[in-house]
Every structure is written in C-alpha cells, then in structure tokens.
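Working notes, beginning with the structure itself.
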C-alpha cells in the first residue's frame, strides 16, 4: 500500500491573453493579506522574502483594471494592507475556479494516481525485530 504525504490535486495557473497570470501562490498571498492585514506578514507565512511578497502584490495590482490590494506605510503600528473589493472578487473567482476544476477532474485524478509508481520512501519495508533481552546477568 502506498501512502502519499499530500493528496493528489490540481494546481491551477490561469494565464491571461496579456501573459499575466494568477496561480495558487498569488491566491494564497491574497488570502493571507486579508487574514493578517500585512503584505510582509503574509509573505512570511508563505516563506517568501519581504521583497518577493511586495513584488507579487505590485504585479497583482498592475494586472487588473483596479488595484486588488491597498496598503499604507507606517510600520507595525500604523501601516497595513487589505484587499479591495476587486481583490476580494479576484480571490473568490479564482478559488471557485479551483474548486470547480478539482470537482470536475476528481475521477481522472484518482485514476492517474492509481497508476503512479511508488517513490523510494514508499518502497521501504518496515521491519520489526522481536528480540528478548536476557536480564538475568544484570547486576
């Protein structure tokens, strides 16, 4: 029997005609900005550098007709970020697309996963050795 550490699933990157794109990383960043109120904190939770999180935020804002993230400077006490109405809509539409695609492809995903070869870690056989210890000679 094989046991995978992460269930099979789709990771959708939607590439637009203008060559911009949104995928799971940008969607996760939007979600965490909404949760934390901070681009930097959202990036940290995703294991991104501060610069990478800001760069993705700027690219998201440039992609759409209206900004998806509003931010204000001011550090921990006064700064922050939030999703705009457009940002909320973008995130909602992307997550709905993911769910619909996942549901539509579920049978094929299971069929494909059943055909996978086991990884080396999964091929390891657990061996239990039962060796009684003689405690009679113990001082």
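The values are calculated or read from the model by the stated rules, or taken from the named source; none is laboratory data. Source: prediction; values computed, not measured. Cβ sites come from the backbone with ideal geometry, for glycine too, and all protein chains shown count toward neighbours.
Brief remarks on what is shown
- Of all residues making up segment 69-97, the number that are modelled with pLDDT under 95 and either surrounded by 13 or more Cβ atoms within 10 Å (Cβ to Cβ) or farther than 19 Å from residue 42 by Cα (or both): 3
- Residue selection: residue 66 fails the criterion of being out of contact with any strand residue (DSSP E or B) (no Cβ under 6 Å at 6 or more places or on another chain), surrounded by 14 or more Cβ atoms within 10 Å (Cβ to Cβ) and without any contact (Cβ under 8 Å) to a residue 60 or more places away in the chain.
- Here segment 31-56 is the region considered, the condition is being within 17 Å of residue 92 (Cα to Cα) and touching a strand residue (DSSP E or B) at 6+ places or on another chain (Cβ under 6 Å), and the residue that is surrounded by the most Cβ atoms within 10 Å (Cβ to Cβ) is 33.
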